[in-house]
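The values are calculated or read from the model by the stated rules, or taken from the named source; none is laboratory data. Remember, predicted model here, so these are calculated numbers, not experimental data. Using ideal geometry, Cβ is built from the backbone for each residue, glycine included, and neighbour counts are taken over all protein chains shown. Ligands, DNA and RNA are excluded from the accessible area calculation, which covers all protein heavy atoms including side chains. Shrake-Rupley method; radii C 1.70, N 1.55, O 1.52, S 1.80 Å.
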Amino acid sequence: MIKPEEAAMLLEAKGVKPTANRILVYQALHSQTMPMTLKDLETKMLNMDKSSIFRTLTLFIEYDVVHTFEDGRGIVNYELCGEKGKCHHHDNHIHFYCKSCKRSFCLDGIKAPHFDLPEGFVSITTSFVIKGECPQCSKKRRNK
Ligand SMILES: [Zn+2]
Ligand SMILES: [Zn+2]
Ligand SMILES: [Zn+2]
């Protein structure tokens, strides 16, 4: 578990005032290696009400503390930005959604593809989700 002082420092580096709630949400996201949905966070943070978690996440998005993408069900997933301080979006990577165990995976090593957009369109981030079956689930199926 990341220390509260450390979470506070990382939040400050993003330009976010580290309040108690913000530190808690940061720690919860940090404790997982996988992206989390609002529901995941709710189950993990039983002492905080849903609207406080949601408000914190909305602020986190604004300051690039977290990045979001929609998984295969159209549900928003949150993950911590991989860059300290201001995000330059070099942490952009693709995601994989397993339709069997309904988990999202970060494929950190694979950058989101770059598209040549029509004139005037300026891209900031690309959200790219591949749907299918994760190694665990596909192995289970093969062994049946
Ligand atoms: Zn980032
Ligand atoms: Zn799976
Ligand atoms: Zn990710």
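Quick look at the numbers
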item	result
Helices (runs of 4 or more DSSP H) enclosed by the range 1-51 - at least 1 residues per element that are aromatic (Phe, Trp, Tyr) and surrounded by 14 or more Cβ atoms within 10 Å (Cβ to Cβ)	20-30
Members of the range 70-85 that are assigned to a loop (DSSP other than H, G, I, E, B), of a type in the set (Asp, Glu) and within 22 Å of residue 8 (Cα to Cα)	83
Qualifying residues in the range 89-144 (those that are open to solvent by 40 Å² or more (accessible area, probe 1.4 Å) and in a helix (DSSP H, G or I)) - the one farthest from residue 38 (Cα to Cα)	142
Candidate set from the range 52-88 (those that are among the aromatic types (Phe, Trp, Tyr) and buried (at least 20 other Cβ atoms within 10 Å of the Cβ)); member that is nearest to ligand 3 (Cβ to nearest atom)	69
Members of the range 1-58 found to be over 20 Å from residue 102 (Cα atoms) and charged (D, E, K, R), listed by number	3, 5, 6, 12, 14, 17, 22, 49, 50, 55
Flag if residue 106 is closer than 30 Å to residue 141 by Cα, of a type outside the set (A, V, I, L, M) and touching a helix residue (DSSP H, G or I) at 6+ places or on another chain (Cβ under 7 Å)	no
Residue 85 being under 30 Å from residue 136 (Cα atoms) and small (Gly, Ala, Ser)	no
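Conditions (1) under 12 Å from the mean Cα position of the chain (by Cα); (2) not β-branched (Val, Ile, Thr), marked per residue:
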| residue | (1), (2) |
| --- | --- |
| 57 | yes, yes |
| 69 | yes, yes |
| 72 | no, yes |
| 79 | yes, yes |
| 88 | no, yes |
| 96 | no, yes |
| 102 | no, yes |
| 110 | no, no |
| 117 | no, yes |
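Residue by residue, here is whether (1) out of contact with any His (no Cβ under 7 Å at 6 or more places or on another chain); (2) at pLDDT 90 or above; (3) on the phi > 0 side of the Ramachandran plot holds:
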site	(1), (2), (3)
91	yes, no, no
100	yes, yes, no
103	yes, yes, no
119	yes, yes, no
122	yes, yes, no
125	no, no, no
139	yes, yes, no
